[in-house]
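To start, the structure itself, in structure tokens.
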Protein chains: 2
Amino acid sequence: MPTVADLLEPLRRGEARALGRAISWMENGHPGARELMAQLWPHLGRAAVIGITGSPGAGKSTLTDRLARVLLAEGQKVGILAVDPTSPFSGGAILGDRIRMQRIAAEPGIFIRSMATRGALGGLARATQDAIDLLDAAGFDTVIVETVGVGQDEVDVVSCVQTCCVVLVPGMGDEIQAIKAGIMEVADLFIINKADREGADQVEREVEAMKSLAMPQGWDPPVLRTMAQQGEGIPELLAKFREHGVWLREHGGLARKARERARLRFDSLLAEAAVRRVRAQAGPERLEAALQGIADRSLDPYSAVAGILGEV
Amino acid sequence: MPTVADLLEPLRRGEARALGRAISWMENGHPGARELMAQLWPHLGRAAVIGITGSPGAGKSTLTDRLARVLLAEGQKVGILAVDPTSPFSGGAILGDRIRMQRIAAEPGIFIRSMATRGALGGLARATQDAIDLLDAAGFDTVIVETVGVGQDEVDVVSCVQTCCVVLVPGMGDEIQAIKAGIMEVADLFIINKADREGADQVEREVEAMKSLAMPQGWDPPVLRTMAQQGEGIPELLAKFREHGVWLREHGGLARKARERARLRFDSLLAEAAVRRVRAQAGPERLEAALQGIADRSLDPYSAVAGILGEV
């Protein structure tokens, strides 16, 4: 097993193996996670981070690919984090493998990782944030975070990246569009992908209508059209992403986002640590007895928890 | 403000106002939540609970409606919990309201509630479980839990209901189908909705292929076809739901599900309580200082949390 010292240098050089290992440490709450993050902490804050979120079928993976290729061509190192149960990277073994083939994989300058920490309490958003920092420390210029944007974890993930892009697509019906309601407020850019499809004008009208209802916050999220499959609109997307970055820097937005990110991680890590402590103090027998009591209906869960906390 | 004693009787009689209030107590961690649940605990375990999960646009809301109508016609009282950011009940104000009109609403014998506890740590699945219990205690015969089935919370919600139905739909593409990968393992029934659309046979073949790869677990999840809009296939769905209920009772499945449910709630409530305690012990000043240190990069989040826990 490598130590923190073993990981530190290869990680800072951007070696994929060290990066993969370090991300796993963060996901699993490895004892070395804290020391590693403390060592890397002074080296962070250089990478640009873009979030791509949208419904299944909206073309997020293709957009991510195309964006990554343009950045690669500029000589950048690009990290991709797929926080998405529908993503080819993290998706089901059966259908996922078939699709994965089509995507950019082990090209030099690219690091791809799927984030899927089932069962970690609030840990997905926190672990993704950790992974962004690790990629940053490893010298990646841009990190693209791809997520389906449904569920609190997913919203948390993209709500605190530098620029959050919401991908919409024409003709997917009211229900598909309604999915965006929770994420409208965190959108910095709207992308209408598959823009050659019928209904693109209508989607744009709906987005503009929603925007007009929102409170003005200084930055007016632009609505872009792309055809990711054909590569159209990607340079424009990149330009807007950079424009937004400049705007953030000039208007104190980076500090605000840093604070949101800090809160997300602190709350999540504090929760994880608090639970670990209480469970350790209670011990497995008491925890098991409480669980059994709830299951056989001799004890209600609220009283069970109050009992455990009263005793430790 | 009502007391536990004020709520108890109207709630047991199934009054919507008392139910709504009690569910809010559970969502918000109201001080009366524990006492109320303790009082109701002996009266639980009678309601049948069905989960309906699937992608946006799969027709979950329509299926839920139709199912509820059939049960109503049998003289049942039906509770519907919409745990779904795309649901007309919980969805965005703009598009949501338009769709909501079309759905069964305040019919006698129906109680509908959207569950959306943003920011509650792991609280959504737990609060939904509490709401199921409240409906159970209030004399509802069947509770239908509708969720988009993406994200850990949503999977947690349906993974421990009595019968979990996964709704698929023809022709929504590989990516849409891949969404199901995470939820395949918890499916008790597969429903191919909009079965008159082209591609129904292919979806069925894909489901059968996935099933053949899964470990046999005694219950072989059937694949049903419905056209919810036209009401077709709903009686068959109901029959399979009941068949599964009988199977669970005869094969110890109810005890297993009760244990999963107990674990979900216990873990979640313990986490909520542990975090409340640590935060209270640390005090707002110390928490704020840690947060500020992370945001301005003078302190890494792991060390910040270790510091707080070391002091309290």
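Each residue was assigned an accessible area with a 1.4 Å probe, and for residue B:247 the value is about 50 Å². Largest accessible area first, the residues B:146, A:198, A:208 order themselves as A:198, A:208, B:146 under a 1.4 Å probe with ligands, DNA and RNA left out.
Taking a straight line from the alpha carbon of residue A:194, these lysines sit under 18 Å away, with near neighbours fewer than eight places off in the same chain left out: A:60, A:180. Rounded to the nearest whole Hz, the Karplus-based 3J(HN,Hα) values (6.51 cos²θ - 1.76 cosθ + 1.60, θ = phi - 60°) of the stretch B:234-240 follow the sequence 5, x, 5, 4, 4, 5, 5, with x at glycine and proline.
A label point on residue B:1, set 7 Å along the Cα-to-Cβ line, lies at 4.8 nm from each of its counterparts in the other copies, closest listed first.
The B-A contact accounts for approximately 7300 Å² of buried accessible area, totalled over both chains at a 1.4 Å probe radius. Close amide H partners of residue B:146, meaning residues 5 or more places away or on another chain with modelled amide H under 5 Å apart, are B:52, B:81, B:82, B:83.
3J(HN,Hα) couplings calculated from phi for the stretch A:59-72 with the Karplus curve 6.51 cos²θ - 1.76 cosθ + 1.60 (θ = phi - 60°) are, in sequence order, x, 4, 5, 5, 4, 4, 3, 5, 4, 4, 5, 4, 5, 4 Hz; Gly and Pro show x. Close amide-amide hydrogen proximity is noted between residue B:232 and B:227, each under 5 Å apart and 5 or more residues distant or on a separate chain (H modeled in the peptide plane; Pro and chain starts excluded).
Counting heavy atoms of the protein chains alone, residue A:225 has an accessible area of about 100 Å² for a 1.4 Å probe. These residues, B:303, B:55, go from largest to smallest accessible area, 1.4 Å probe, as B:303, B:55. Classify the stretch B:178-312 from the C-alpha gyration tensor, please: rounded if a/c falls under 1.5, else prolate or oblate depending on whether a/b exceeds b/c. Verdict is prolate for the stretch B:178-312. Between residue A:76 and residue A:281, residue separation times 0.36 nm minus the direct Cα-Cα distance comes to 69.0 nm. Within the straight-line cut-off of under 13 Å between alpha carbons, the aspartates and glutamates reachable from residue A:240 are A:188, A:220, sequence neighbours fewer than 8 places apart in one chain being disregarded.
Using θ = phi - 60° in the Karplus curve 6.51 cos²θ - 1.76 cosθ + 1.60, the 3J(HN,Hα) couplings for the stretch B:296-312 round to 8, 6, 7, 8, 8, x, 5, 5, 4, 5, 4, x, 4, 5, x, 8, 9 Hz; x is entered for Gly and Pro.
For residue B:164, nonlocal amide neighbours, meaning residues 5 or more places apart or on other chains whose placed amide H falls under 5 Å from its own, are B:51, B:188, B:189.
Of the residues B:306, B:235, B:271, the one whose Cα sits farthest toward the positive end of the charge dipole of the stretch B:212-312, with +1 on the Cβ of Lys and Arg and -1 on the Cβ of Asp and Glu, is B:235. Using r as the Cβ-Cβ distance of residue B:24 and residue A:15, and R0 as 45 Å, what FRET efficiency do you calculate, to the nearest 0.05? With a Förster radius of 45 Å, E is 0.30.
The values are calculated or read from the model by the stated rules, or taken from the named source; none is laboratory data. In this text, all values refer to a predicted model and were calculated from it rather than measured experimentally. In this analysis, Cβ positions are derived from the backbone assuming ideal geometry, glycine residues included, and neighbour counts consider all displayed protein chains. Note: accessible area is taken over every heavy atom of the protein model, side chains too, but ligands, DNA and RNA are not part of it. Shrake-Rupley method; radii C 1.70, N 1.55, O 1.52, S 1.80 Å.
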